[in-house]
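The values are calculated or read from the model by the stated rules, or taken from the named source; none is laboratory data. On a predicted model such as this, the values are computed, not experimentally measured, just so you know. Here the Cβ is made from the backbone with ideal geometry for all residues, glycine too, and neighbour counts use every protein chain on show.
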Amino acid sequence: MKLTRSLFVLITCIFFITSCYYDKEDLLYGNDNAPCTDTTGPISYSQKVVPVLQQFCYNCHTGNFPSGGIAMGTYTTDKVVAQNGKLYGSISYSAGFSPMPQGMPKLRKCQIEVIKKWVDAGMLNN
């Protein structure tokens, strides 16, 4: 009985000592004060924009019944949402737009800059 209790205490201590603790918050969650290297040079739709949209938009805004009636997931549909201002307006939390992604934290500054630069450059399919 005493050996079982000692073993339990030892395993518990080892668990707490090796538990998942990481004190580099900016590496885990991003650092909005860090320089944005993703916006240097031309913004590639396929390499820079699509990964952001896949991570934060496509889960709700694709398929036969996209959320809010806003379809995304192809270059054509993404461009429509960008042209009418809904994409940038919603991710930047601009007045008059529903903040997106819904139920999640605001995109990092750098991710918003990637979208903004792509929109400002004419929303090329590159």
Practice task
Could you tell me which residue of segment 75-97 is nearest to the chain's Cα centre (by Cα), considering only residues that are loosely packed, with under 13 Cβ neighbours inside 10 Å and not aliphatic (A, V, I, L, M)?
Solution key: Ser94
Handout entry: Failed item, numbered, when Val119 is tested on (1) at pLDDT 95 or above; (2) exposed (fewer than 15 other Cβ atoms within 10 Å of the Cβ)
Key = (2)
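Pick out the one residue from Phe65, Phe8, Phe15 that is farther than 22 Å from Ile112 by Cβ and at pLDDT 65 or above.
None of the others qualify; the one that does is Phe65.
Within segment 38-53, take every residue that is aliphatic (A, V, I, L, M) and at pLDDT 95 or above and give me the one that is surrounded by the fewest Cβ atoms within 10 Å (Cβ to Cβ).
As a first pass, look at segment 38-53 and keep what is aliphatic (A, V, I, L, M): 43, 49-50, 52-53.
Those left that are additionally at pLDDT 95 or above: 49-50, 52-53.
Values: Val49: 25, Val50: 16, Val52: 19, Leu53: 21.
The extreme case among them is Val50.
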